[in-house]
Amino acid sequence: MIKKSFFGTLKPRLEYAIIDVSPPDPQEIPASTSVQLFAGVALEQEKRHLLKAGDPVKAGQKLTLFENKDDYVTAPVSGTIAEMAPFYGDFGSKMTSITIDISENHEIDAHFKKIAPSPTRENAKEYLCCLPGRFPVSLFSDSEQKITTLLIMGMDTDLLTLTQQFIVKTKTPAIKSGILALKETTGIEKFVIAVPETLSQDAVSTGAIVKPVGSIYPAASPHLILNDILGKEIPAGQSFEDMGVAVVSAEAVASIGTAYDSGQIPAKKILTVIDKSGQAKMVSAVIGTPLKDIFTALNMTANHEDRIIAGGPMKGASVYTEDHPVCENTDAVMVQDRSVIPLISDNACINCGECVRACPANVPVNMLIRFLEAGQFMEGADSYDLYSCIECGLCSYVCTAKMPILQYIRLAKYELARIQKAEAENV
Ligand code: SF4
Ligand code: SF4
């Protein structure tokens, strides 16, 4: 259950960054020599690969990876496939990395332009899975899907991050076009856009119902916003989809609009880059650009033992190399100096209760963490409200023993989902 009194309990209160009335244009990051893309499917040796090193590609070209599999990536540049290799994502999830060496000639693939004047569920599914903002292609996959409401996040869900607000401020016509295309292609009827109060007027012109969001973290959590919209809480263990709702970023919707309006698949991602002093800057980079190219352009350095985080300070995840690329959903990148990195320890919980007081979802975190630390994920889910957690990270932020609680929670949810999937496939 979400605490009604939560927003007054955490001191000091954490406030979201709010975008300026007239934000400057994002800094364009020069094209790199190569880009790296990730497909959420393992590089399966037994399947016949449809891509190989040396293959030429054009910008906007759909690159199907394997025979008899639908998974694809979209080339954001023209050039030559340099490598396909296994890649391990969060919690060891198996993926495939595709590297493209960029050519000097910028050639655009013509396939999407031909079908763009007539948006359909099928052509959206065929071409638009890898847009900036990463629109969930599952919404185009199932003609029986029961999603009736799309919640568009025009408010960034982490601190210091301004990306989605920037999109609302600068791309309302594209969001409006995206909404019209989505009505046609998905049949969704209700569109709600969540924005900070200061962007309410901008958001009105998208045609969506405007939902103003408070400025104190974690008011922009989709769970909390949906509780308000639906007038009831999402029961623990139920997904947004179970409630007939899908949550997407403003950038994902704007990308759909831009794709159909222009006949070209957008390839540039807007992101907030936060330097060691906490200063934020908006940049625009081609999807797949290595982070080191952004740091070079912004004159930033990440030294030995500094931390690079993909995402914001509360919910982001460390990446281990400056070669890591900008992904479709990388809304923020921050560099922390090694002298200010918060300690993470393997100390035992001292049962101080700080996490319980901070938790907006009333999870008994002090009990839950004992089971998750011991790898007893099912017990944590059954007895200690694992699935009520909205992954705000406040428990980790306040933990006296500096335990990585959010990471334990994410690992538990990942492992339980993996087990459920394996069981379903074996039935
Ligand atoms: S991350 Fe922690 S504080 Fe936030 S909802 Fe989950 S258990 Fe509660
Ligand atoms: S804040 Fe940390 S140390 Fe305190 S009860 Fe929660 S998990 Fe235990």
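The values are calculated or read from the model by the stated rules, or taken from the named source; none is laboratory data. Since this is a predicted model, take the numbers as computed values, not measurements. Cβ placement follows ideal geometry from the backbone for every residue including glycine, while neighbour counts extend to all protein chains displayed.
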*Filter region 384-419 for residues that are among the charged types (D, E, K, R) and surrounded by fewer than 15 Cβ atoms within 10 Å (Cβ to Cβ) and give the result.*
K402, R418
*Just one of the numbered conditions (1) crowded, with 18+ Cβ neighbours inside 10 Å; (2) farther than 15 Å from V326 by Cα; (3) within 18 Å of the chain's Cα centre (by Cα) is not true of S93; which one?*
(1)
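Tell me which residues, restricted to region 238-253, are assigned to a helix (DSSP H, G or I) and not charged (D, E, K, R).
Here is the first cut: in region 238-253, the residues assigned to a helix (DSSP H, G or I) are 241-243, 250-253.
The answer is M243, A250, A252, V253.
Quick check, is E233 over 22 Å from the mean Cα position of the chain (by Cα) and in a loop (DSSP other than H, G, I, E, B)? Explain how you work it out, then say what you get.
Details: over 22 Å from the mean Cα position of the chain (by Cα): yes; in a loop (DSSP other than H, G, I, E, B): yes.
Taking the combined requirement at face value, the residue satisfies it.
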_Which of the numbered conditions does E391 fail, given that it passes all the others? Conditions: (1) without any contact (Cβ under 8 Å) to a residue 60 or more places away in the chain; (2) on the phi > 0 side of the Ramachandran plot; (3) more than 10 Å from ligand 2 (Cβ to nearest atom)._
(1)
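Go over the candidates A422, A381, A361 one by one and state the one that is assigned to a helix (DSSP H, G or I), of a type outside the set (K, R) and surrounded by 15 or more Cβ atoms within 10 Å (Cβ to Cβ). Reasoning before the result, please.
Values: A422 fails: surrounded by 15 or more Cβ atoms within 10 Å (Cβ to Cβ); A361 fails: assigned to a helix (DSSP H, G or I).
None of the others qualify; the one that does is A381.
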_I need the strands (runs of 3 or more DSSP E) fully contained in region 273-355, keeping only those with at least 1 residues that are at pLDDT 95 or above and under 30 Å from L372 (Cα atoms)._
307-310, 332-336
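Hey, among S138, S78, S97, S103, which residue is outside the structural domain of E391 (by TED's automatic domain parsing), without any contact (Cβ under 8 Å) to a residue 24 or more places away in the chain and not β-branched (V, I, T)?
Values: S78 fails: without any contact (Cβ under 8 Å) to a residue 24 or more places away in the chain; S97 fails: without any contact (Cβ under 8 Å) to a residue 24 or more places away in the chain; S103 fails: without any contact (Cβ under 8 Å) to a residue 24 or more places away in the chain.
Criteria check complete, one pass: S138.
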*When residues of region 386-404 are filtered for being more than 6 Å from ligand 1 (Cβ to nearest atom) and within 19 Å of A236 (Cα to Cα), how many remain?*
3
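Filter region 62-75 for residues that are basic (K, R) and either without any contact (Cβ under 8 Å) to a residue 60 or more places away in the chain or touching a Pro at 6+ places or on another chain (Cβ under 7 Å) (or both) and give the result.
K69, the sole residue that qualifies.
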*Only strands (runs of 3 or more DSSP E) wholly contained in region 139-223 count here; list those with 2 or more residues that are surrounded by 23 or more Cβ atoms within 10 Å (Cβ to Cβ).*
149-153, 190-196
*asked:* Tally up the residues in region 123-135 that are buried (at least 24 other Cβ atoms within 10 Å of the Cβ) and either free of Cβ contacts under 8 Å to residues at least 24 places away in the same chain or at positive phi (or both), please.
replied: 1
*asked:* For region 330-357, give me each residue that is buried (at least 18 other Cβ atoms within 10 Å of the Cβ) and either in contact with an Asp or Glu (Cβ under 7 Å, 6 or more places away or on another chain) or closer than 22 Å to M300 by Cα (or both).
replied: T330, D331, A332, V333, M334, V335, Q336
